[in-house]
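Asker: Once you've had a glance at the structure underneath, I'll fire off some questions.
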Amino acid sequence: MKRLGCKEVSEAVLSSLKERTELFMKKGNRAPSLAVVLVGHDPASETYVSKKAEACEALGFLHFQFSFESDVPESSLLSLIDELNERSDIDGILVQLPLPETIDERKIIERIAPEKDVDGFSPVNAGRMLTGGKSFIPCTPKGILRTLEYYGVETVGKKVVVIGRSNIVGKPMAVLLMQKGIDATVTVCNTRTPDLREYTIGADIIIVATGHPGTIDSSYVKDGAVVIDVGVNRIPDSTKAKGFRLTGDADYSSFKDRDVSITPVPGGIGLMTVSMLMENTFEAAERRAE
Ligand code: GUN
């Protein structure tokens, strides 16, 4: 098994961004700035948001956080987005998902100005990405492509199976892999695909993003394949100080004696999601300054 850790590649992205930011500010621009909106107290969301804040701080980006209880009225969130869209001291807006069920997620995302939508989730950016236009690329799929590139994994003419069809990972991932220059042959499966193994066993690259531990194990994968594990699942574990451990969607230990390359959890794609968000925020600042 070859471990495709993402610490080195994410640090390379961040150190290049730090240099670009210093140069950008030397030219008289203010620091890139990100507004993060968090609703409720989902522990995983709170962790992600604090990692995003730390990354901003390390790069010298400005960071504004807006936190609400889960009973916040939808209208208050919409007013906040309107205000953030108008503010000239904010380049990027991120609404941490999922939102409570009482709030129409689509309505909130659609309200974010496309030029500040650093997640790339708004219909304008998603549509531009689908048609090959200039858009913000969703951070996790963008980070996966960067990881494949870093490790020299060829995509042209390769069979790629994406397991999961979320708007955050699966769908944008499939669209990006199809694009000219990347040129993969893409199959999209989901947790209701009968006999998933039938699809994955012939794949050169498998991207698993279902949010379910054990979605695949080594019996689903051929020799020489690459597995990208997007899952970040909390498993109760009384031997850990926090009372849980993190595990991906693939059964990592089953690959131990196999000729397979696989991203670990933690230390894998999660790091790329954060560094790509920083890159998108920098790009938003650069475009504003143009
Ligand atoms: N929830 C899980 N992943 C993401 C992400 O990339 N962006 C946002 N906004 N919410 C998420």
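The values are calculated or read from the model by the stated rules, or taken from the named source; none is laboratory data. Because the structure is predicted, anything quoted here is derived from the model rather than measured. Virtual Cβ from ideal backbone geometry, glycine too; neighbours counted across all protein chains shown. The protein model used for the area step is the full one, side chains on, heavy atoms only, and it has no ligands, DNA or RNA in it. Shrake-Rupley method; radii C 1.70, N 1.55, O 1.52, S 1.80 Å.
Asker: Accessible area per residue, 1.4 Å probe, Å², for the stretch 22-129: what's the number?
Answerer: Result: 49 Å² per residue.
Asker: Another one. Any idea of the accessible area per residue across the stretch 154-290, 1.4 Å probe, to the nearest Å²?
Answerer: 47
Asker: Could you pull the Rg and Dmax for the stretch 1-45, using just the Cα atoms, both in Å?
Answerer: 16.3, 48
Asker: Still on this model: Modelled label-to-label distance, THR191 and GLU57, 7 Å Cα→beta-carbon offset: nm?
Answerer: A separation of 3.5 nm, rounded to one decimal place.
Asker: When each pair of different Cα atoms in the chain is counted once in the 1/r mean, what is the Kirkwood radius in angstroms, to one decimal?
Answerer: Every distinct Cα pair counted, the radius reaches 19.8 Å.
Asker: With +1 on each Lys and Arg Cβ and -1 on each Asp and Glu Cβ, and nothing else charged, work out how big the dipole of the chain is about its Cα centre, in Debye to the nearest 20.
Answerer: It comes to approximately 620 debye.
Asker: Would you give the gap between the C-alpha center of the stretch 30-93 and the C-alpha center of the stretch 140-193, rounded to a whole Å?
Answerer: Taking the Cα centre of the stretch 140-193 as reference, the centre of the stretch 30-93 is 28 Å away.
Asker: Can you order the peptides 279-286, 139-146, 22-29 by their average number of other Cβ atoms within 10 Å per residue, highest first?
Answerer: Packing proxy ranking, top to bottom: 139-146, 279-286, 22-29.
Asker: With both partners inside the chain, how many of the DSSP beta bridges are antiparallel, as a percent to the nearest 5?
Answerer: 10
Asker: Under 10 Å, Cα contacts only: if you run a Gaussian network model on the chain, which one of PRO138, PRO172, PRO43 comes out with the highest mean-square fluctuation?
Answerer: PRO43
Asker: Peptides 252-265, 71-84: what's the order by average Cβ count within 10 Å, highest mean first?
Answerer: Sorting 252-265, 71-84 by mean packing, highest first, produces 252-265, 71-84.
Asker: Ordered by residue, what ³J(HN,Hα) values in Hz, to whole numbers, does the stretch 165-172 give under the Karplus form 6.51 cos²θ - 1.76 cosθ + 1.60, where θ = phi - 60° and Gly and Pro are x?
Answerer: Computed from phi, the couplings for the stretch 165-172 are 9, 6, 5, 7, 10, x, 5, x Hz.
Asker: Could you work out [θ]222 nm for the chain from helices alone, using -39500 (n - 2.57) per DSSP H run of at least four and dividing by all its residues? Round to the nearest 500 deg cm²/dmol.
Answerer: Taken over the chain, the calculation gives -12000 deg cm²/dmol.
Asker: Let me ask something else about it. For the stretch 128-250, what is the convex hull (Cα atoms) projected area averaged across all directions, in square nanometres?
Answerer: Over every viewing direction, the Cα hull of the stretch 128-250 projects on average to 8.8 nm².
Asker: Ignoring any ligand, DNA or RNA, what whole percent of the accessible area of the chain comes from carbon and sulfur when the probe is 1.4 angstrom?
Answerer: Accessible surface attributable to carbon and sulfur in the chain totals 51 percent.
Asker: So, one more: Note down the magnitude of the dipole of the stretch 1-150 about its Cα centre, charges +1 on Lys and Arg C-beta and -1 on Asp and Glu C-beta and zero elsewhere, to the nearest 20 debye.
Answerer: Using Cβ point charges on Lys, Arg, Asp and Glu, the stretch 1-150 gives about 920 debye.
Asker: Can you tell me, using C-alpha contacts under 8 Å and at least 6 residues apart, the relative contact order of the stretch 1-99 as a whole percent?
Answerer: Across the stretch 1-99, relative contact order equals 37 percent.
Asker: Hey, got the dipole for the stretch 157-290? About the Cα centre, +1 on K and R Cβ, -1 on D and E Cβ, debye to the nearest 20?
Answerer: Dipole magnitude for the stretch 157-290 comes out near 320 debye.
Asker: Dipole of the stretch 1-134 (Lys/Arg Cβ +1, Asp/Glu Cβ -1, origin at the Cα centre): which of ILE103, PHE68, ALA44 lies farthest to the positive side?
Answerer: Farthest towards the positive pole: ALA44.
Asker: A further question on this structure: Taking R0 as 45 Å, what FRET efficiency do you get between HIS212 and ASP183 from their Cβ-Cβ distance, rounded to the nearest 0.05?
Answerer: My answer for the efficiency is 0.95.
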